[in-house]
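Peer 1: Mind looking over this structure? Questions follow.
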Amino acid sequence: MAHVVGPGLRRVGWGGLAAYENHDGLLLAVGDDVMYEHSETWTFASGEVVVLPFVTVHRVRDGRVSL
């Protein structure tokens with residue numbers, strides 16, 4: 001589980017975000033196709049906390065994630 005805090009978060013466009021945490025989930029691969037299910041907890045300087053579920057799909061070519 002990754003945990004990031006600090007002013008660097010503001011530089012990437014998440015104004016007011018005080019902390020970010022990634023929660024690993026299910027990782028599935030079939031051939032070159034990979035699906036990653038995870039969630040992120042965003043904590044804002046104002047005190048709000050939100051947990052965001054995500055599913056991302058990737059294609060791997062020659063051992064690298066491709067676009």
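Coordinate-derived values only; no laboratory data. These figures come from a predicted structure and were not determined experimentally.
Peer 1: Test of understanding: what is the full-extension gain from residue 43 to residue 29, defined as 0.36 nm times their sequence separation minus their Cα-Cα distance?
Peer 2: Gain on stretching residue 43 to residue 29: 1.9 nm.
Peer 1: Enumerate the calculated ³J(HN,Hα) couplings along the range 19-31 in order (Karplus 6.51 cos²θ - 1.76 cosθ + 1.60, θ = phi - 60°), each rounded to whole Hz, writing x wherever the residue is Gly or Pro.
Peer 2: 7, 9, 9, 9, 10, 4, x, 6, 10, 10, 9, 10, x
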